Amino acid sequence: MKKIAIFASGNGSNAENIIKYFQSSEQIKVISVASNNPSAQVLLRSKKHSIDTFVFNKNELNNGIVLKKLKKLEVDFIVLAGFLIKIPLNMITTYKNKIINIHPSLLPLHGGKGMFGINVHKKVFESKDTETGITIHFVNQSYDKGAVIFQAKCGLRPNTPPKQIQKKVHKLELKFFPIIIENLLNEPN
Ligand code: GRF
């Protein structure tokens, strides 16, 4: 059994989608959802599916308390799904190539600090991009710079508003994120 912890700071539609996807799996389970935001919707979504949750602050993330908790829970793999704080080096080294993130654009386009949520899609709009999509990548010390695992694209008509772009990209996130996680966890180590 491979155990996943999901880290999320906000809404949690991706987290919930991943929880549901693996609910009936015997090999892979989401065992915990962690958030830096005590009022994040993701915590309620997780509890609805009887998934354990824990809340921590930035200090606890950086001083090793969160890492200790993950070890205690015997977490094998970490999924960032809308998690807005930088992952510290001790976690990246301990979980080398076992922490992944999803970004709602075709990296290296429109990534980096401050590029989250609707900001990303506004940038796509302003840049008059004719396509956008999702990037699933390994997490390293720089925001949105880890090795790319997977990208999926969608075409955009001229002047598609940011909200519409977000909707299209969200569909790709829901469709592909769980499958890519499953593929990675099924790879021989
Ligand atoms: C998604 O767009 C994801 O790509 C990004 O943060 C957003 C999280 O959305 N990293 P939700 O909280 O899963 O609804």
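The values are calculated or read from the model by the stated rules, or taken from the named source; none is laboratory data. What you see is a predicted model, and the numbers here were worked out from it, not measured in a lab. In this analysis, Cβ positions are derived from the backbone assuming ideal geometry, glycine residues included, and neighbour counts consider all displayed protein chains. Just the protein is used for accessible areas: all its heavy atoms, side chains included, with ligands, DNA and RNA removed. Shrake-Rupley method; radii C 1.70, N 1.55, O 1.52, S 1.80 Å.
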Matching residues in the stretch 71-84 - criterion: being modelled with pLDDT of 95 or more, aliphatic (A, V, I, L, M) and farther than 13 Å from LYS2 by Cα: LEU80, ALA81
Count - residues of the stretch 117-174 that are more than 17 Å from the chain's Cα centre (by Cα) and small (Gly, Ala, Ser): 2
All positions within the stretch 147-169 that are part of a loop (DSSP other than H, G, I, E, B) and buried (at least 17 other Cβ atoms within 10 Å of the Cβ): LEU156, THR160
Hey, LEU109 surrounded by 19 or more Cβ atoms within 10 Å (Cβ to Cβ) and at pLDDT 95 or above or not: no
Residues located in the stretch 170-180, provided they are open to solvent by less than 50 Å² (accessible area, probe 1.4 Å) and out of contact with any strand residue (DSSP E or B) (no Cβ under 6 Å at 6 or more places or on another chain): PRO178
Selection count where residues are part of a loop (DSSP other than H, G, I, E, B) and either away from the ligand (no atom under 14 Å from the Cβ) or not assigned by TED's automatic domain parsing to the domain that holds LEU184 (or both), scope the stretch 110-146: 8
